[in-house]
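Taking it in order: structure first as structure tokens, then the write-up.
The values are calculated or read from the model by the stated rules, or taken from the named source; none is laboratory data. Worth saying up front: this structure is predicted, and the values here are computed from it rather than measured. No Cβ is skipped: glycine too gets one built from the backbone with ideal geometry, and neighbour counts run over all protein chains shown.
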There are 2 protein chains.
Amino acid sequence: MELLKAKIRDEATVLPGRIIKVDGFLNHRVDVSLMKELAKEFYRRFSRDSITAIVTIEASGIALATACAMEFNVPLIFAKKAKSDNIEGGLITSEVYSYTYHRKMTLLINSQWLKESDRVLIIDDFLANGESVRGLIEILKYSGATVAGIGIAIEKGFKPGGKRLRELGYDVQSLVIIDDASQEGIVFRDFDYD
Amino acid sequence: MELLKAKIRDEATVLPGRIIKVDGFLNHRVDVSLMKELAKEFYRRFSRDSITAIVTIEASGIALATACAMEFNVPLIFAKKAKSDNIEGGLITSEVYSYTYHRKMTLLINSQWLKESDRVLIIDDFLANGESVRGLIEILKYSGATVAGIGIAIEKGFKPGGKRLRELGYDVQSLVIIDDASQEGIVFRDFDYD
């Protein structure tokens, strides 16, 4: 998606370890007009899949997923990362490893908010190792809901997550795939969706 | 706001300790159409305040704050709760006590995303003891930005946060104030904004 590529070219910075910082428009300060455009693009790609719910993971996926839920006109469910007092019984959980925080964490969704008839579009801002998405899929499988698709804003093509998920047969649509990133620049993968 | 009151009456449950569970439409599964309506109401209440940014706290405030940022057509900035590898230098932090998680936590915003000329509307799903909002105000003060208003979906009127903030002179607009909550029912405060 050229709009997102341009935004990344203009505003992203790269930290050692191929960490791509886009916290000026995606995951700390959020450009909500851009989120709307990304959501429209996801709608274009998944509108034939009878999506009934958007599922994401707190916290950085929520803004984009909210825009998507508005575009698809379906509820948004966000998986939580820890147990607080305000969540009780009926939880479906999955343990995943966070490469961002270097520790295991537990994702959870209350089973009450997922139905077997649901056709879910998973949305996230980044896909790298794919641990969070793997956890979400585990939760969704347990609930009986169908994973109809996976929409990612920025995929790190040099990490294995996207490849693995596609090999498992999931319809992973990344708006941008980055094959390399350093202080010298960001290398985008050329691919056409259409 | 009658729409939100009706939604709470129909769908909220109350747990011991006056915990009001609204995770079917506000902070686990999110009714994005409702978020749009709440955002319009906040716009009506704060549109004369020349708001240049919406600020909230991850994670449960983000969906509502995203809808608000769209309505005001300004960026959203969400304060983060812990330091991850992807956030570097220039952080403004504030330590607050989380009554939900029973522990201290650190809120942080990268100073890069706040300007002295900013007029900020703080948005959050709940206001109880007001610790998170106090932390945000501390961060915003340090940045030099102005707190133009505070918009809350549900205020717990039996907790001191709202009263304290109003005594400090802040324009706190809660769409619904709950004065008591038990298995027997939820008591809403009667007040007219207009």
Single match in A:133, A:176 (criterion: among the β-branched types (Val, Ile, Thr) and assigned to a strand (DSSP E or B)): A:176
Is it the case, given these coordinates, that residue B:65 is surrounded by 23 or more Cβ atoms within 10 Å (Cβ to Cβ), at pLDDT 90 or above, out of contact with any Gly (no Cβ under 8 Å at 6 or more places or on another chain) and hydrophobic (A, V, I, L, M, F, W, C)? yes
Restricting attention to the stretch B:1-27, and to residues there that are touching a strand residue (DSSP E or B) at 6+ places or on another chain (Cβ under 6 Å) and in a loop (DSSP other than H, G, I, E, B), which single residue is farthest from the other protein chains (Cβ to nearest Cβ)? B:1
When the residues of the stretch B:136-158 are narrowed to those that are free of Cβ contacts under 8 Å to residues at least 60 places away in the same chain and not in a helix (DSSP H, G or I), which ends up surrounded by the fewest Cβ atoms within 10 Å (Cβ to Cβ)? B:144
Identify all residues within the stretch B:41-76 that are more than 7 Å from chain A (Cβ to nearest Cβ), touching a strand residue (DSSP E or B) at 6+ places or on another chain (Cβ under 7 Å) and not in a helix (DSSP H, G or I); write none if there are none. B:50, B:51, B:52, B:53, B:54, B:55, B:56, B:57, B:60, B:61, B:74
For the stretch B:97-130, give me the residue count where each residue is within 11 Å of chain A (Cβ to nearest Cβ), aromatic (Phe, Trp, Tyr) and not in a loop (DSSP other than H, G, I, E, B). 2
If we scan the stretch B:32-40, do we find a residue that is of a type in the set (D, E, K, R), in contact with a Ser or Thr (Cβ under 8 Å, 6 or more places away or on another chain) and within 8 Å of chain A (Cβ to nearest Cβ)? no
From the option list A:169, A:161, single residue qualifying as without any contact (Cβ under 8 Å) to a residue 24 or more places away in the chain, over 19 Å from residue A:6 (Cβ atoms) and not charged (D, E, K, R) is A:169
